[in-house]
Amino acid sequence: MLGPPGAGKGTHGDRLAERCGIPKYATGDILREAVRNDTPLGREAKQYMDKGELVPDDVVLGLVRDVLSSPSAKDGFILDGFPRTVAQAEGLHAWLADRGMSLDVVIYFDAPEEELIRRVAGRRVCVGCGMIYNVHLDPSAAGELCERCGGRLETREDDKAETVRNRLRVYRDSTEPLLQWYATSSTSFRELKAVGSVDEVYNGLLTLVDCL
Ligand code: AP5
């Protein structure tokens, strides 16, 4: 799943993974967990993530190779937010090809920039249990606290306005070139208009891809 910050990759990747009974690997989630656990990877990644920059290709490729080598990936998987550069895509496809595998489909989530900024600015994360809310879409019934565990809700560090602007710039510079790369590769490339309600976008997604 490919697309700018706030396009809905995570939201719909989770739903599709549950529907198909396969894991979803989101490089952003894996990196955030490493940051929370203060591992050497997390300490390196944090320097980039806090500024909205991309973590170096070799670091992220190594991570993805590790998760794809795990038994849980053997019946298929969804990748969310990876690859994000042409170098990552080349590394991924070479690694898959060496193992007789390939991606079935690449979905590009497209939404206008003002909507992306609104969505990302509205996201709140519980510091206690990690539950995600959105003040525009699904606010917590407990206001500034988590309705599940009572934890404090915070804005993700990289969802602050200035960092979001940089994430969008990085997306345009480093990730948009991938659209053309995939459009001309043998992998099936499909574009999803990711605007409207979550259910509308999800129904649109299911017309493009379903459990294979
Ligand atoms: P990552 O976590 O991947 O951030 P992102 O791609 O910027 O993704 P987001 O989580 O903001 O957007 P999303 O498209 O998943 O949307 P979501 O469904 O969450 O990466 C974070 C950082 O990690 C990067 O900046 C980089 O530093 C590093 N990194 C990660 N991968 C890397 C890689 N491959 N290479 C190098 N570095 C990497 O939705 C967003 C919000 O909108 C939610 O609140 C949701 O509820 C709401 N929403 C969703 N759909 C709708 C809708 N239809 N209507 C209204 N609201 C909606």
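Write out, first by first residue and then by second, each pair whose Cβ atoms fall under 6 Å of each other, whose residues are 6+ apart or on separate chains, and whose first residue, in segment 25-47, is in contact (Cβ under 8 Å) with a residue 12 or more places away in the chain and part of a helix (DSSP H, G or I) while the second is of a type in the set (Lys, Arg) and near the ligand (Cβ under 10 Å from one of its atoms).
If the second residue must be of a type in the set (Lys, Arg) and near the ligand (Cβ under 10 Å from one of its atoms), the pairs left are VAL35/LYS46.
Pick from segment 31-48 the residues that are near the ligand (Cβ under 8 Å from one of its atoms) and open to solvent by 40 Å² or more (accessible area, probe 1.4 Å): which of them is modelled with the lowest pLDDT?
Applying the filter and picking the extreme gives ARG32.
Any chance segment 149-156 includes a residue that's in a loop (DSSP other than H, G, I, E, B), under 20 Å from TYR25 (Cα atoms) and at pLDDT 95 or above?
no
So GLY128 passes all but one of these: (1) touching a strand residue (DSSP E or B) at 6+ places or on another chain (Cβ under 9 Å); (2) within 11 Å of the ligand (Cβ to nearest atom). Which condition number does it fail?
(2)
So in segment 108-121, with the set limited to residues that are more than 10 Å from the ligand (Cβ to nearest atom) and farther than 13 Å from ALA194 by Cβ, which one is least open to solvent (accessible area, probe 1.4 Å)?
Restricting to residues being more than 10 Å from the ligand (Cβ to nearest atom) and farther than 13 Å from ALA194 by Cβ, the top hit is ILE117.
I need the full set of residues from segment 83-102 which are open to solvent by 50 Å² or more (accessible area, probe 1.4 Å) and not hydroxyl-bearing (Ser, Thr, Tyr), in order please.
Matches in segment 83-102: ARG84, GLU90, ALA94, ALA97, ASP98, ARG99, GLY100, MET101.
Pairs needed: first member in segment 177-196, more than 14 Å from the ligand (Cβ to nearest atom); second member anywhere, part of a loop (DSSP other than H, G, I, E, B) and among the hydrophobic types (A, V, I, L, M, F, W, C); C-beta distance under 9 Å; at least 6 residues apart or different chains.
Hits for this filter: THR187/LEU103; SER188/LEU103; SER188/VAL209; ARG190/VAL209.
Take LYS160 and decide whether it is under 18 Å from the mean Cα position of the chain (by Cα) and modelled with pLDDT under 95.
Answer is yes for this residue.
Going by the conditions given, is VAL64 open to solvent by less than 30 Å² (accessible area, probe 1.4 Å), among the β-branched types (Val, Ile, Thr) and either near the ligand (Cβ under 10 Å from one of its atoms) or free of Cβ contacts under 8 Å to residues at least 40 places away in the same chain (or both)?
Taking the combined requirement at face value, the residue satisfies it.
Within segment 129-138, which residues are of a type outside the set (A, V, I, L, M, F, W, C) and surrounded by fewer than 14 Cβ atoms within 10 Å (Cβ to Cβ)?
If the condition is that a residue be of a type outside the set (A, V, I, L, M, F, W, C) and surrounded by fewer than 14 Cβ atoms within 10 Å (Cβ to Cβ), then HIS136, ASP138 are the ones that fit.
Considering only segment 172-200, state which residues are assigned to a loop (DSSP other than H, G, I, E, B) and either open to solvent by less than 80 Å² (accessible area, probe 1.4 Å) or aliphatic (A, V, I, L, M) (or both).
SER185, THR187, ALA194, VAL195, GLY196, SER197
Name the pairs whose Cβ atoms lie under 6 Å apart, with the first residue in segment 132-143 and touching a residue at least 12 places away in the same chain (Cβ under 8 Å), the second among the acidic types (Asp, Glu), and 6 or more positions between them or separate chains?
Pairs found: SER140/GLU147.
Given (1) under 24 Å from SER188 (Cβ atoms); (2) buried (at least 18 other Cβ atoms within 10 Å of the Cβ), identify the lone condition not met by VAL105.
The single condition VAL105 does not satisfy is (2).
The values are calculated or read from the model by the stated rules, or taken from the named source; none is laboratory data. All values reported here derive from a predicted model rather than from experimental measurement. Cβ: placed from backbone, ideal geometry, glycine included. Neighbour counts: every protein chain shown. For the accessible areas, the whole protein counts, side chains as well, though only heavy atoms, and no ligand, DNA or RNA atoms are used. Shrake-Rupley method; radii C 1.70, N 1.55, O 1.52, S 1.80 Å.
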